[in-house]
Amino acid sequence: SFVYPVAIVKTGEYFAPVSLLQGQGQKGFLNPDAQMLQQEVLNQAEAQMEYQFASALQLLTRQRLPRIAYTVGRGQPTGPETYDLSRTLQSKYDFYLLNLDEQPAISDSIDAVLVVKPQTGFTDADKLKLDQYLMRGGNLLFLVDALNADMDSLRQTGTEFTAYARETNLEDLLFRYGVRINHDLVTDLQSDMLPQRVGSVGGQPQIELLPWPYFPLLYSQSNHPISKNLDAVVMQFPNSVDTVQAEGVNKTILLASSNTSRLVGTPVIVTVEILKELENPTAFKNKFVPLAVLLEGNFKSLYTNRMAGRLDSLQRAGGQPYAPASARPGKVLVTGDGDWVLNGMSREGPLGMGSNPYTRYEFANRDFLLNT
């Protein structure tokens, strides 16, 4: 017989499952090297249990379906790589696409707006709509790559490529709210595994799974319920996120690198030669570099005392008066990577977000997104 660590919370005809070992798979019962559930795993699962049950109760007792908007129009991904993101959010929310060019303003009926991996720059009109939505108490998620870096570029060259800046034009907006995404890459000895050629025998390449420091595995250093006790979240070629002064805004680092990480500044050369440094811990001296930061509080508008005449006309077109500061508290999540919510593909179809296509292990990316 099998015993599954799952509870079912039910009200009327509706029910919600609760995993009693949420986010503990790699460390516990899914780890083939684990002969028994370690006490640490059980303690962490127990610490998260209250939050898991509270989330299930909130899901079952809510009076309306929250609305989540995904912005498009600036090169944001909308293809098969967003399959799991769409499926996950559609299962719990009213989830739809939002083209800022086609809307005079962002509706207050929207509970959160996602900006995921834009490829081209946002206009001031775009940013004003995001800014004023936040000033009215909205919630924004900026999952942004500051550099053009992906595995396709490495596959094309075979050995290395130079990662160059991606012009999103969001820097001043994020700085005003209290963060800066840097033009660097965070590498880490605590990383996901990818197949690498290590030699050849009889003319046939020898392939082994080796740590790939450009794909760090991130854990929480805080007790915030969004990230507390989660399994690792994997990111791809992430950029570090610095906090900067912003009066009235509380900043929480939700995810950070390990104590064996390294910042690679511009010009950033992504190279397979990094594998030669895996046995050299002195090359990875940086510790706990922030990669996901939550901002909460009363924000100040980027456009205060700027573009006064144009602001008035844009705001009148949107049917809302211009707000120089938050009418009520809002929240902003900023990560130095957008790939962590996207999924890879296999011959069988789309994988889950945070899933390694070679080991098929699925990290806690989906849990982190839903908690957020």
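The values are calculated or read from the model by the stated rules, or taken from the named source; none is laboratory data. Computed from a prediction, not measured in an experiment: that's the story for all the values here. Don't worry about glycine lacking a Cβ; one is built from the backbone with ideal geometry, like all the others, and counts go over all protein chains shown. In case anyone asks, the SASA skips ligands and DNA or RNA and just uses the protein heavy atoms, side chains included. Shrake-Rupley method; radii C 1.70, N 1.55, O 1.52, S 1.80 Å.
Okay, here's what the table says:
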read-out: Longest to shortest principal axis, alpha-carbon extents of the range 185-244, angstrom; value: 54, 26, 13
read-out: T243-R328 FRET efficiency (beta carbon distance; Förster radius 22 Å; 0.05 resolution); value: 0.45
read-out: Estimated vicinal HN-Hα couplings, Hz - the range 186-198 in sequence order (Karplus 6.51, -1.76, 1.60; Gly, Pro = x); value: 9, 10, 8, 5, 8, 9, 6, 10, 9, x, 9, 7, 10
read-out: Listed pairs K117/K228; K251/K300; K228/K251; K92/K117 exceeding 18 Å between Cα atoms; value: K117/K228; K92/K117
read-out: Largest-first ellipsoid semi-axes for the range 171-279, taking √(5λ) over the Cα gyration tensor eigenvalues, angstrom; value: 34, 17, 9
read-out: For peptides 330-339, 189-198, sequence by mean Cβ density within 10 Å, most packed first; value: 330-339, 189-198
read-out: Net lengthening on full extension, V201/D94 (0.36 nm per residue, minus Cα-Cα); value: 33.1 nm
read-out: Per residue accessible area of the range 84-201, 1.4 Å probe, in Å²; value: 39
read-out: Burial order of peptide ranges 229-239, 209-219, 352-362 (average beta-carbon count within 10 Å, highest first); value: 229-239, 209-219, 352-362
read-out: Using a Förster distance of 45 Å, the FRET efficiency for L209-R306 (Cβ separation, nearest 0.05); value: 0.30
read-out: Per residue, in Å², the accessible surface of the range 237-372 once ligands and nucleic acids are set aside, probe 1.4 Å; value: 47
read-out: Point-to-point label distance, T282-Q103, nm (Cα→Cβ direction, 7 Å offset); value: 5.4
read-out: Rg to Rh, two decimals, where the range 216-372 supplies the alpha carbon set and Rh follows Kirkwood; value: 1.07
read-out: Rg [Å, one decimal], Dmax [Å, integer] - the range 313-372, C-alpha atoms; value: 19.1, 54
read-out: Charge dipole (debye, nearest 20) of the range 133-257; +1 at Cβ of Lys and Arg, -1 at Cβ of Asp and Glu; value: 300
read-out: Theoretical gain in end-to-end length, T123 to V3 [0.36 nm per residue, Cα-Cα removed]; value: 37.8 nm
read-out: Per residue convex hull volume, Cα atoms of the range 61-195, in Å³; value: 165
